[in-house]
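Let me begin by presenting the structure, written as C-alpha cells, before commenting on it.
FYI, it's all coordinate maths here, none of it is from the lab. Remember, it's a predicted structure, so these values are computed and weren't measured experimentally. Cβ sites come from the backbone with ideal geometry, for glycine too, and all protein chains shown count toward neighbours.
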C-alpha cells in the first residue's frame with residue numbers, strides 16, 4: 001500500500017520533491033519537499049485509494065474505534081469520507097475554542113469514554129495532531145491513536161508523539177516516497193540521501209551542498 005500511495009501522491013503533486021530548487025518554509029528553513037494532501041480531494045482515483053487506505057488502517061490497528069475526529073482543517077474532509085465508508089460518526093477539533101456561540105473546540109457529538117481515532121493528513125513535528133489528542137482527552141475521550149496519510153518521520157515528531165503517549169499509523173512515509181521517486185525517475189538516485197538528510201535535521205542546510 002505504501003508504494004501505491006506514494007505513486008499517487010507524486011502523480012498529482014500532492015507531494016512535490018525539488019532538491020535542486022528548495023522551497024522556503026515560513027521559518028526560513030530550506031526544504032526539498034512540499035506536501036499538500038488537500039490535492040487528493042480533487043483527484044478521485046487517488047482520493048479513493050487514500051480514503052480506503054485510511055479505513056483499512058482504522059480497521060486493522062484500531063478495531064474498537066467508535067468515532068473519527070479530523071484535525072482542523074486538513075483532516076476534516078478525510079475524516080468525513082472515511083466515516084462514511086465505515087459507517088462511523090465523525091467530527092473535528094478546532095485549533096482553539098470559538099469565541100462566540102457555544103465556544104466549542106470539538107465539533108460533533110462526543111460522549112465521555114468514547115473510543116476515538118484522529119484523522120490527520122500530514123505529520124511533520126506532530127504539533128497539531130498532539131494538540132488535537134489532548135483536547136479530546138480533556139473532553140473525556142479515549143484516544144486510540146492517529147491514522148494519517150503521510151509522515152516525514154522527523155525525530156521531533158516521533159518524540160512528541162511519544163511524549164503524548166500516542167501512536168500513529170501512516171499510509172505512506174518519506175523513506176518509501178523517495179525510493180519510489182528515484183525508481184520512477186522523478187528524482188536522481190543521488191538525491192535520495194539529500195532528502196533524507198534534510199528530514200533527519202531540517203535546520204542543517206548541509207544537504208544542499210554539492211558532494
Gyration tensor verdict on the stretch 137-197 (Cα atoms; rounded if a/c is under 1.5, prolate if a/b is larger than b/c, oblate otherwise): prolate
0 to 90° range, to nearest 10: angle between helix 127-138 axis and the chain longest Cα axis: 10
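Tell me what the chain gives for mean residue ellipticity at 222 nm when only DSSP H runs of n ≥ 4 count, each as -39,500 (n - 2.57), the sum divided by the residue total, rounded to 500 deg cm²/dmol. Before the final figure, lay out the partial values.
Details: 7 runs with 80 residues, N = 211.
-11500 deg cm²/dmol, from helical runs alone.
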Shape call, the stretch 1-76: gyration tensor on alpha carbons, a/c limit 1.5: prolate
Value of Rg to Rh for the stretch 163-211 (Rh from inverse mean 1/r over Cα pairs, i.e. Kirkwood): 1.08
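When you count, for each residue, the other Cβ atoms within 10 Å and take the mean per peptide, how do 155-164, 168-177, 83-92, 18-27 rank with the highest first? Write out the running numbers ahead of the final one.
On the way: 155-164: 14.9, 168-177: 21.5, 83-92: 17.0, 18-27: 11.6.
With the highest mean Cβ count within 10 Å placed first, the list reads 168-177, 83-92, 155-164, 18-27.
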Intensity falloff of the stretch 87-178 expressed as log10 I(q)/I(0), Debye formula with alpha-carbon point scatterers, at q = 0.14, 0.16, 0.21, 0.22 Å⁻¹: -0.52, -0.66, -1.03, -1.10
Degrees separating the helix 191-200 axis from the principal Cα axis of the chain, which is the longest one: 50
Segment residue 109-residue 155, length gained on full extension (0.36 nm per residue, minus Cα span): 13.1 nm
Where N is the number of residues in the stretch 3-148, Cα Rg divided by 2.2 N^0.38 Å: 1.10
Taking the chain and dividing mean pair separation by its residue count, relative contact order in percent (alpha carbons under 8 Å, at least six apart): 20
Kirkwood Rh (inverse of mean 1/r, distinct Cα pairs), the stretch 37-90, angstrom: 11.2
